[in-house]
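A.B. asks: My questions will all concern the structure given below.
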Amino acid sequence: MRRITLLVLVALPLVAVLATLQPALSVPASAGAAVCRYPPVSPKERVEAIAEDEWPELVLVGIVTQEIRVEPVRNSVGSVSGWVPSKDQSPGDGTFQSTVRPDAILAGGRPAGDIEIPALRDGADCIGGPRLREGEHVLLFLKSESGPPGSDDYWLLSPFGGKVILKDGSAYLHDLMTPDEPQLVGTADDLIRRVATTLGSTPEDRDAALVAAGRAQPGGGWSAALTMALLVSAAVALGLSGALLRSRLRRS
């Protein structure tokens, strides 16, 4: 009996360790459930892995224009057939839907307008991905999901490596492995160039994404350049005005 007890005590920790080493973990859930894979530890490697994967159908650079709390709508068999705005829109935990304005497309067809991404939440699950907060400039990896019969298709955000925040010229990965504090990946320009190369994006699409990422820099990227150009023009105009004034004074 003692031997059996000893074997059980030794075997249980071993089973637990082996379970964590499994290559994949399927998460049964409602429509749109993602398969949760154990991703690379490095944030940079996670972004590179999702870019190399066949999972994303749409890769874009854009800005989050709206975030609302939502509740699931279930059909007669209990499956989620859609989401509706929640009566409770107070800040805090919950499930959210975000509206994103695509500014540049690195892979996939360009959507007709803004896109809506439901089932977003911060937490340790593999469905929907982390929240997209209003005002964030982001690089997103998305997949189109078919809802149950009678419901609309929607976009699903990869829970690992699917959301990169573009801010102040840098890129920060925010996924389910970094729910509390996004981790620095590198400069936004370098990341977009590498992702564009991996995806086989056209030079035009790559450059459009670089311009869109530039809007997330202090001063707004192109806005800063425009401001500088206006200042230079104003200085030149003042210089010319001064020269003309001095010339007239000499003649008089």
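The values are calculated or read from the model by the stated rules, or taken from the named source; none is laboratory data. From a predicted model like this one, the values you see are computed outputs, not experimental measurements. Using ideal geometry, Cβ is built from the backbone for each residue, glycine included, and neighbour counts are taken over all protein chains shown.
A.B. asks: Could you list, in sequence order, all residues of segment 188-207 that are surrounded by 14 or more Cβ atoms within 10 Å (Cβ to Cβ) and not in a helix (DSSP H, G or I)?
C.D. replies: 201
A.B. asks: Considering only segment 68-84, state which residues are part of a strand (DSSP E or B) and not small (Gly, Ala, Ser).
C.D. replies: Passing the criteria: 68, 69, 70, 71, 72, 73, 74, 80, 83, 84.
A.B. asks: Among what's in segment 137-159 and is outside any strand (DSSP E or B) and closer than 18 Å to residue 111 by Cβ, pick the residue that is modelled with the lowest pLDDT. Walk me through how you get there before you give the answer.
C.D. replies: Step one: list which residues in segment 137-159 are outside any strand (DSSP E or B), which gives 146-153, 158-159.
Of the ones still in play, those that are also closer than 18 Å to residue 111 by Cβ are 146-147, 152-153, 158.
Numbers: 146: 73, 147: 63, 152: 66, 153: 73, 158: 84.
This residue is 147.
A.B. asks: Looking at (1) part of a helix (DSSP H, G or I); (2) of a type outside the set (A, V, I, L, M, F, W, C); (3) modelled with pLDDT under 55, can you tell me which one residue 28 breaks?
C.D. replies: Every listed condition holds for residue 28 apart from (1).
A.B. asks: Report every pair of residues separated by at least 6 positions or lying on different chains whose Cβ atoms are under 6 Å apart, first residue within segment 160-177 and closer than 19 Å to residue 104 by Cα, second of a type in the set (Phe, Trp, Tyr) and not in a loop (DSSP other than H, G, I, E, B).
C.D. replies: Within 6 Å, the pairs are 162/141; 165/172.
A.B. asks: Let me ask you something else. Looking at segment 50-84, which of its residues are modelled with pLDDT of 90 or more and of a type in the set (Gly, Ala, Ser)?
C.D. replies: Residues satisfying the conditions are 51, 62.
A.B. asks: Just one of the numbered conditions (1) without any contact (Cβ under 8 Å) to a residue 24 or more places away in the chain; (2) loosely packed, with under 15 Cβ neighbours inside 10 Å; (3) hydroxyl-bearing (Ser, Thr, Tyr) is not true of residue 144; which one?
C.D. replies: (1)
A.B. asks: May I pose another question? When both residues are 6+ apart or on different chains and their Cβ atoms are under 7 Å apart, which pairs have a first residue that lies in segment 85-107 and is outside any loop (DSSP other than H, G, I, E, B) and modelled with pLDDT of 90 or more, and a second that is buried (at least 18 other Cβ atoms within 10 Å of the Cβ) and polar (S, T, N, Q)?
C.D. replies: Hits for this filter: 106/201; 107/201.
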